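What follows is a single structure, written as structure tokens, with notes after it.
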Amino acid sequence: MIDKAQIKEEFIQRNLYDLHKDLTKQRRLRTIVMSVLLAALLLTMIYGTLENPFIYTFSNIGNFFDYRLFFIVWSIVSGIAIHLSLIALFKLEAYKARAKYTFVALSSIFLVLTAVIPALKDIYPFWHLLHTTFAGVHALFLLLSMFPFVNWISRENPRLQVVLKIWMVIIWIGSLLPLIIFGKSGLFELWFFMSIILFLLYLSLILFEEKIVKLSVEFLKDEMDLNGAIEKIYINLERKKK
């Protein structure tokens, strides 16, 4: 039987308690971030293919068919997933930039507003114009929040520069190609959102793993019994007994 009280006291005496808490926090946060991103990815795949994506955009699917509520739910889930992951990565990397949280928040808000506002041009021309404007503003604020952060990561982690540039090409150029080739269709939106979510999944996996490895090395540096110490890393000392 593991004596958590004894282990906790040992960590406090050796000034490892805060380090252990940070390790537990980062592992838990990584799980949460990647889980919501996977949920958003799955929902995007399902919603975007409810009707033929070669013909119908996301807005068409939500407004021409009986999927309006699904459209709004998708926008909320995707907005929260992208918002949560970016904020978590900003904090993880100690990213400093003006209005970084504001851009992410506005991007999420405009995504939801785009889904809520009807896009029926013949019936509600004003609301359709507003819907289209908000969709563009959402993409703009997402770009303003992501692109400077990617540049920041490239400077802080030179080994990732090439990979990050490739991802940017995949997201932005790859999103425009279906628009140019097939015209206004759901393929552009499918590629855009799925590639962004996949990129954030990749970034979360790489950056959280790097942070966790660094903390683990710091935690284990003075240990003689590595096997025993590794087991202690995964003990949740904050969980209360039922």
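The values are calculated or read from the model by the stated rules, or taken from the named source; none is laboratory data. If you're wondering where the values come from, they're calculated on a predicted model, not measured in any experiment. Here Cβ is always computed from backbone atoms with ideal geometry, including for glycine, and neighbour counts include all displayed protein chains.
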Filtered residue count, the stretch 183-220, keeping only those that are of a type in the set (V, I, T) and closer than 15 Å to S59 by Cα: 0
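If a residue has to be surrounded by 19 or more Cβ atoms within 10 Å (Cβ to Cβ) and either closer than 19 Å to I196 by Cβ or free of Cβ contacts under 8 Å to residues at least 40 places away in the same chain (or both) to count, how many in the stretch 114-127 make the cut?
First, pick out the residues of the stretch 114-127 that are surrounded by 19 or more Cβ atoms within 10 Å (Cβ to Cβ): 114-115, 117, 119.
Narrowing further to those that are either closer than 19 Å to I196 by Cβ or free of Cβ contacts under 8 Å to residues at least 40 places away in the same chain (or both): 114-115, 117.
Total meeting the criteria: 3.
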Check V162 against each of (1) at pLDDT 90 or above; (2) within 21 Å of the chain's Cα centre (by Cα); (3) within 24 Å of A99 (Cα to Cα) and name the one condition it does not meet. (3)
